[in-house]
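Some notes on the structure that comes next.
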Amino acid sequence: RLSPDMQTGLNKQMTQEALAAQIYLSYAAWASGEGYNGIANFLFRHANEERNHMMKFLEYILERGGKVTIEAIPQPPGNPGSVQKCFEQVFQQEVDNTTAIYKLVKQSFDEGDWATWHFMQWFVKEQTEEETLALNLLDKIKVAGGEKATDEALYNLNRDLETEPDEA
Ligand code: OFO
């Protein structure tokens, strides 16, 4: 059975994943409004991934006989200001999420809750992939000129992201 602390931690992380989904959703709507439909598409798809992550936590808590608590999600930021800032925020949010995931891994280790430890390994791998993905996108934007990126460079990035392969 989940310890009360673990149940709290997993519920908190479930809400974090919901917040991540809202952040991607908010930026996707912004990108779409700016005419970057490829970028928007990528962000919309990623919002769905984060929602799947939320569901993974929810299902796991239930599976272990724990209690799920659905809480309010804080309002996500709106207009990021530029494509570069958008992906900087996305990257930072993934880094913060990795920190939260590692805390849960450590907690499960300290408690000797090996089922949760095992469950969390999927997220450890996922976070590495997501950070790499966000970093690669940032690199592409920087190579394209960062804040001074030309319309043509942003157009190409926008087109690339339309078809960027998804992961889980
Ligand atoms: Fe962006 O990752 Fe969820 O966990």
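Throughout, read-outs are computed from the coordinates displayed, never taken from laboratory work. Note that the structure is a prediction, hence the values are computed from the model and not measured. No Cβ is skipped: glycine too gets one built from the backbone with ideal geometry, and neighbour counts run over all protein chains shown.
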Residue list for segment 49-73, filter: assigned to a loop (DSSP other than H, G, I, E, B) and loosely packed, with under 12 Cβ neighbours inside 10 Å: 65, 67, 70, 71, 72
Restricting segment 99-153 to residues that are among the basic types (Lys, Arg) and away from the ligand (no atom under 15 Å from the Cβ), the one nearest to residue 59 (Cα to Cα) turns out to be 106
Could you tell me which residue of segment 1-25 is farthest from residue 101 (Cα to Cα), considering only residues that are surrounded by fewer than 18 Cβ atoms within 10 Å (Cβ to Cβ) and away from the ligand (no atom under 14 Å from the Cβ)? 1
Just need a number here: residues in segment 26-43 that are in a helix (DSSP H, G or I), surrounded by fewer than 18 Cβ atoms within 10 Å (Cβ to Cβ) and of a type outside the set (Gly, Ala, Ser). 1
From 52, 37, 41, residue being more than 13 Å from the ligand (Cβ to nearest atom), of a type outside the set (Phe, Trp, Tyr) and within 16 Å of the chain's Cα centre (by Cα): 41
Of the numbered conditions (1) under 30 Å from residue 148 (Cα atoms); (2) away from the ligand (no atom under 16 Å from the Cβ), residue 67 fails exactly one; give the number of that condition. (1)
What about residue 146, is it closer than 25 Å to residue 32 by Cα, in contact with a Phe, Trp or Tyr (Cβ under 7 Å, 6 or more places away or on another chain) and touching a residue at least 24 places away in the same chain (Cβ under 8 Å)? no
Can you name every residue in segment 130-161 that is surrounded by fewer than 13 Cβ atoms within 10 Å (Cβ to Cβ) and either acidic (Asp, Glu) or in contact with a strand residue (DSSP E or B) (Cβ under 7 Å, 6 or more places away or on another chain) (or both)? 139, 147, 151, 152
